[in-house]
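J.: One structure coming up, written as structure tokens, with questions to follow.
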Amino acid sequence: ALTYNDNTVLENWHVSQTFKALLKQGNNFIEGFSPEEYRHIRRRMIDCILCTDMARHAQLRSQTNALISQYGIKNGENVAGMLVDDPAKRFENQQNILSQVVHTADLSNPAKMKEVFDKWTDLVYMEFFTQGDVEKKLGMQISPLCDRKTVKIAKAQVGFIQYVVLPQFETMLEIMPELKFYKDGILSNLERYKAKQAEEEKRSSIF
């Protein structure tokens, strides 16, 4: 946080570590690029990684929806309209989609087969609750979703899918309709976790 001035801390660290890794012998797969090409791909990579910060989620999706509306994109049609003649605008449009692809992948756990989804959900909340335990021990305010005594995992996942993941995939489906089978997986997992939520609430009412 001190290094990155409280601004997109984890993601800025990811970018920094990525390029430091590239400097190691045998790692730099872009060393043959021209200086101009290097600057181009570095700019692309930085933006893609920084946009995995959930703090940027709403703004990024809003920008994508604006592009969809502006160019009349629907069910994969008219996507090429974003490749405008103006180089700066073309770069910006392309970058929005590239960043969205990476961000969507970062949110894609509920789109996976149930065994994978459930395993990663367990691991994520193990991490969250461990963080919450440390924050509590240090007398800090416990971060959202990190208090093991109050957070109901199934309820949290239902909200995450309904209000974050599903709308994100629906936006991307307008541009890439071939992703529909992922949405089918999301809806299937959503129904399973709604059933888990009902069980959570039932147990809570008993105890």
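J.: Would it be correct to say that residue 122 is among the charged types (D, E, K, R), under 24 Å from residue 176 (Cα atoms) and either open to solvent by 80 Å² or more (accessible area, probe 1.4 Å) or in contact with a Cys (Cβ under 8 Å, 6 or more places away or on another chain) (or both)? Outline the logic, then answer.
T.: On the way: among the charged types (D, E, K, R): yes; under 24 Å from residue 176 (Cα atoms): no; either open to solvent by 80 Å² or more (accessible area, probe 1.4 Å) or in contact with a Cys (Cβ under 8 Å, 6 or more places away or on another chain) (or both): yes.
No: the conditions fail for residue 122.
J.: Can you spot a residue in the range 130-145 that is touching a helix residue (DSSP H, G or I) at 6+ places or on another chain (Cβ under 7 Å), in contact (Cβ under 8 Å) with a residue 12 or more places away in the chain and under 30 Å from residue 44 (Cα atoms)?
T.: The answer is no; no qualifying residue exists.
J.: Take the range 1-11 and flag every residue that is open to solvent by 40 Å² or more (accessible area, probe 1.4 Å) and in contact with a helix residue (DSSP H, G or I) (Cβ under 7 Å, 6 or more places away or on another chain).
T.: 1, 4
J.: Do any helices (runs of 4 or more DSSP H) lying entirely in the range 91-207 carry at least 2 residues that are hydroxyl-bearing (Ser, Thr, Tyr), and which ones are they?
T.: Counting at least 2 such residues, we get 114-137, 180-206.
J.: Let me ask something else about it. Using the structure shown, decide if residue 52 is closer than 22 Å to residue 7 by Cα, of a type in the set (S, T, N, Q) and open to solvent by less than 40 Å² (accessible area, probe 1.4 Å).
T.: Considered against the rule, which asks whether it is closer than 22 Å to residue 7 by Cα, of a type in the set (S, T, N, Q) and open to solvent by less than 40 Å² (accessible area, probe 1.4 Å), residue 52 comes out as yes.
J.: Now a separate question. For the range 171-201, which residues satisfy the criterion of being farther than 20 Å from residue 116 by Cβ, charged (D, E, K, R) and either surrounded by fewer than 14 Cβ atoms within 10 Å (Cβ to Cβ) or at pLDDT below 95 (or both)?
T.: 178, 199, 200, 201 - these are the residues of the range 171-201 that are farther than 20 Å from residue 116 by Cβ, charged (D, E, K, R) and either surrounded by fewer than 14 Cβ atoms within 10 Å (Cβ to Cβ) or at pLDDT below 95 (or both).
J.: If we scan the range 96-116, do we find a residue that is free of Cβ contacts under 8 Å to residues at least 40 places away in the same chain, open to solvent by less than 40 Å² (accessible area, probe 1.4 Å) and not polar (S, T, N, Q)?
T.: Looking through the range 96-116, none of the residues is free of Cβ contacts under 8 Å to residues at least 40 places away in the same chain, open to solvent by less than 40 Å² (accessible area, probe 1.4 Å) and not polar (S, T, N, Q).
J.: Any residue in the range 17-35 that is in contact with an Asp or Glu (Cβ under 6 Å, 6 or more places away or on another chain) and of a type outside the set (Val, Ile, Thr)? Can you show your working first?
T.: Restricting attention to the range 17-35, the residues satisfying the condition of being in contact with an Asp or Glu (Cβ under 6 Å, 6 or more places away or on another chain) are none.
No, the conditions are met nowhere in the range 17-35.
J.: Another question, if that's okay. Listed residues 59, 63; which is open to solvent by less than 90 Å² (accessible area, probe 1.4 Å), among the polar types (S, T, N, Q) and either at pLDDT 95 or above or under 15 Å from the mean Cα position of the chain (by Cα) (or both)?
T.: 63
J.: I need the full set of residues from the range 66-90 which are open to solvent by 70 Å² or more (accessible area, probe 1.4 Å) and either closer than 20 Å to residue 174 by Cα or not in a helix (DSSP H, G or I) (or both), in order please.
T.: Answer for the range 66-90, where residues must be open to solvent by 70 Å² or more (accessible area, probe 1.4 Å) and either closer than 20 Å to residue 174 by Cα or not in a helix (DSSP H, G or I) (or both): 69, 70, 74, 75, 77, 78, 80, 83, 85, 86, 90.
J.: Is it the case that the range 30-37 has a residue that's open to solvent by less than 100 Å² (accessible area, probe 1.4 Å) and in a helix (DSSP H, G or I)? Can you show your working first?
T.: First pass over the range 30-37, keeping only residues open to solvent by less than 100 Å² (accessible area, probe 1.4 Å): 30, 32-35, 37.
Imposing the further condition that a residue be in a helix (DSSP H, G or I) reduces the set to 35, 37.
Yes, the conditions are met somewhere in the range 30-37.
J.: Could I ask something else about it? Report yes if residue 50 is modelled with pLDDT of 95 or more, closer than 22 Å to residue 165 by Cα and touching a Lys or Arg at 6+ places or on another chain (Cβ under 9 Å), otherwise no. Even if it seems obvious, please write down each step before you answer.
T.: Numbers: modelled with pLDDT of 95 or more: yes; closer than 22 Å to residue 165 by Cα: yes; touching a Lys or Arg at 6+ places or on another chain (Cβ under 9 Å): yes.
In short, yes.
The values are calculated or read from the model by the stated rules, or taken from the named source; none is laboratory data. Since the structure is predicted, the reported quantities are computational estimates derived from the model, not experimental observations. Methodologically, a virtual Cβ is constructed for each residue, glycine included, from the backbone with ideal geometry; neighbour enumeration extends over all protein chains shown. Calculation scope for accessible area: heavy atoms of the full protein, side chains included, ligands and nucleic acids excluded. Shrake-Rupley method; radii C 1.70, N 1.55, O 1.52, S 1.80 Å.
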